[in-house]
Amino acid sequence: RRPGLSGALLAARAAGHTHVILDGTLIETDRIHTRGPTPGVDLWWSGKHARHGGNLQVVSSPDDWPLWTSNVRPGREHDTTAARADPDLLDLLSQWIDEDHKALTDLGYEGEKDLLLVPFKT
C-alpha cells in the first residue's frame, strides 16, 4: 500500500528535507486502448514517448527516494494536467511549502510556477 501524501510530506519534514521533487513518469503498457477526446488519438497514447501507458505523479525526497505516487492517469496527459487532476496533490504541496520547504519540478509543470519551483531557460 502506498502512503498518503500528507503522511509522506510530514515524514519528509520530520526527516529534515528542505525540498521534495515532483515529477511525472510514464508506466508503459501494451494492454490499454481507449478512444480519447481527440478523434483518432488513443487516451493512453503518449505522443512524447510514442508508447501506450499511464502517467503517474511521484513525490520524492532530495535523494530521489519515492515518498508517494498518485493514481494512474491516461498517458496522453501532460504532467501539469495529471497533477491538477489529483484531488489533493497541489493543495497539500501548497500547505507544505514555506520559506524553508520547497517543491522542485521540471519544465512539465510550467503552468504551476506560482506554487512550484520550475526551472527556466536563460
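The values are calculated or read from the model by the stated rules, or taken from the named source; none is laboratory data. What you see is a predicted model; the values in this text were computed from it and never measured. Because the Cβ atoms are built from the backbone with ideal geometry, glycine has one as well, and the counts that use them run over all protein chains shown. These accessible areas exclude ligands, DNA and RNA; they are computed on the full protein's heavy atoms, side chains included. Shrake-Rupley method; radii C 1.70, N 1.55, O 1.52, S 1.80 Å.
In table form, for the structure just shown:
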| quantity | calculated |
| --- | --- |
| Portion, in percent, of the accessible area of the chain that falls on carbon or sulfur, probe 1.4 Å | 52 |
| Ranked packing of 23-29, 77-83, 45-51, 90-96, most packed first, by mean Cβ within 10 Å | 77-83, 90-96, 23-29, 45-51 |
| Theoretical ellipticity at 222 nm over the chain - DSSP helices of four or more residues, -39500 (n - 2.57) apiece, nearest 500 | -5500 deg cm²/dmol |
| Net dipole in debye of the chain [+1 Lys, Arg Cβ; -1 Asp, Glu Cβ; about Cα centre; nearest 20] | 460 |
| Per residue solvent-accessible surface (Å²) - the chain, probe of 1.4 Å | 63 |
| Candidate residues His52, His33: accessible-area rank, largest first, probe 1.4 Å | His33, His52 |
